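Shown next, in structure tokens, is the structure this report addresses.
The values are calculated or read from the model by the stated rules, or taken from the named source; none is laboratory data. Note that this is a predicted model, so its numbers are computed, not measured. Neighbour counts are summed over all protein chains in view; Cβ atoms, including those assigned to glycine, are modelled from backbone coordinates with ideal geometry. Ligands, DNA and RNA are stripped out before the accessible areas are found, and what is left, the full protein with its side chains, is counted by its heavy atoms. Shrake-Rupley method; radii C 1.70, N 1.55, O 1.52, S 1.80 Å.
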Amino acid sequence: MAALEAGSLMGAARSLGAHQPTLSRHISELESQLGVALFERTGRGLAPTTAALALADAARQMQAGALALGQALARRQHSTQGTVRIAASQVMASCVLPPLLAELQQAEPGIQVELVVSNGLANLLRREADIAVRMLRPQQASLVARKVGEMQVHPCAHRRYLQQAGVPQTPQDLLSHRLLGYDRDDTILRGFAQRGIALTPQHFALRTDDQIAYGQLIAAGAGIGFTSAQQWRQWPEVQPLLPQLKIPPLPCWLAVHREIRGNPLVRLVYDHLAQGLGRALQ
């Protein structure tokens with residue numbers, strides 16, 4: 001097309017930013033593949049043959065298609081429209097992410113978010129999510145993880161319960177209170193064991209591994225439970241207890257599959273979450 005429009009190899013090479021001998025070789029190869037001569041070399045340049053003129057419209061359509069393809073790819077690479085799937089735990093998805101996702105929607109209305117509430121990492125490995133927010137650092141080599149903050153955990157209870165049962169003054173006092181624990185998850189039991197307090201599941205009057213139900217039990221005044229500051233701050237009548245009891249914070253990791261980290265859309269959401277989580281977990 002460049003040779004046809006320019007009328008000479010020199011003009012075609014100039015418009016394409018190519019070398020004239022290279023362009024001449026390509027035209028010769030095309031003529032060989034088609035089995036027809038496309039140009040006649042004259043003293044004034046190139047004269048298109050009847051075959052070249054007959055193919056011109058089809059060639060222009062191919063040229064327009066290639067240009068449209070390149071433009072579509074460029075728009076996709078720089079687009080802020082599309083869908084990103086985010087996986088997060090129950091507490092993170094219900095207590096921390098909602099305001100951050102609302103900010104994202106306001107700043108980037110073209111981005112659609114699918115929030116997958118899950119406590120496992122398998123969804124990232126199976127490509128069921130693009131980004132995961134986790135309280136445990138992923139060990140899989142195919143995942144890239146960034147620590148964005150820490151979630152502080154405190155024992156806490158509703159004021160109504162404390163008015164009835166009293167306020168514990170020492171960790172040992174907890175044994176005389178109605179405690180809320182997990183069912184099959186032994187995190188709380190291990191935490192007490194590290195402080196020399198041996199507990200069994202029977203020490204906990206109510207037990208559940210569902211993080212939302214667990215938090216609602218605390219908010220309802222069912223007893224003393226252990227939860228994050230981001231969660232208990234949502235309940236005005238719930239107060240933290242035993243400030244001297246230093247519970248190791250839960251690190252918050254932002255994970256993404258290595259192969260899609262360079263996706264501009266995923267990268268934009270990833271950076272937004274990293275900045276927002278850093279503020280929310282302070």
Next item on the list: Estimate the FRET efficiency between Gln239 and Gln275 by the formula 1/(1 + (r/R0)^6), using the beta-carbon distance for r and 41 Å for R0, to the nearest 0.05.
Entry: 0.85
Next item on the list: Over region 147-282, with every protein chain in place, what whole percent of the accessible area is carbon and sulfur at 1.4 Å, could you tell me?
Entry: 50
Notebook entry, point to check: In vacuo Debye scattering of the chain, one point per C-alpha: log10 I(q)/I(0) at q = 0.09, 0.12 Å⁻¹?
Noted result: -0.61, -0.84
Checklist line | Per residue, in Å², the accessible surface of the chain once ligands and nucleic acids are set aside, probe 1.4 Å | finding: 57
Check: What is the Cα coordinate range of region 88-236 on the first, second and third principal axes, sorted by size from largest, in whole angstrom?
Finding: 52, 34, 22
Check: From the backbone phi of region 48-55, what are the Karplus-calculated ³J(HN,Hα) couplings (6.51 cos²θ - 1.76 cosθ + 1.60, θ = phi - 60°) in whole Hz, Gly and Pro given as x?
Finding: x, 7, 4, 5, 5, 5, 5, 8
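Which peptide among 45-51, 157-163 comes first, and what is the full order, when sorted by highest mean count of other Cβ atoms within 10 Å?
Highest-to-lowest ranking by the protection proxy: 157-163, 45-51.
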Notebook entry, point to check: Tell me, what ³J(HN,Hα) does each residue in region 96-103 have, in order and in whole Hz, if you take phi through Karplus 6.51 cos²θ - 1.76 cosθ + 1.60 with θ = phi - 60° and put x for Gly and Pro?
Noted result: 10, 6, x, x, 5, 6, 5, 4
Checklist line | Phi-based couplings in Hz for region 171-187 (Karplus 6.51, -1.76, 1.60; Gly and Pro marked x) | finding: x, 5, 5, 4, 5, 9, 10, 7, 9, 10, x, 8, 8, 9, 6, 9, 4
Notebook entry, point to check: For Leu69 and His19, FRET efficiency with R0 = 30 Å and r from the beta-carbon atoms, rounded to 0.05?
Noted result: 0.75
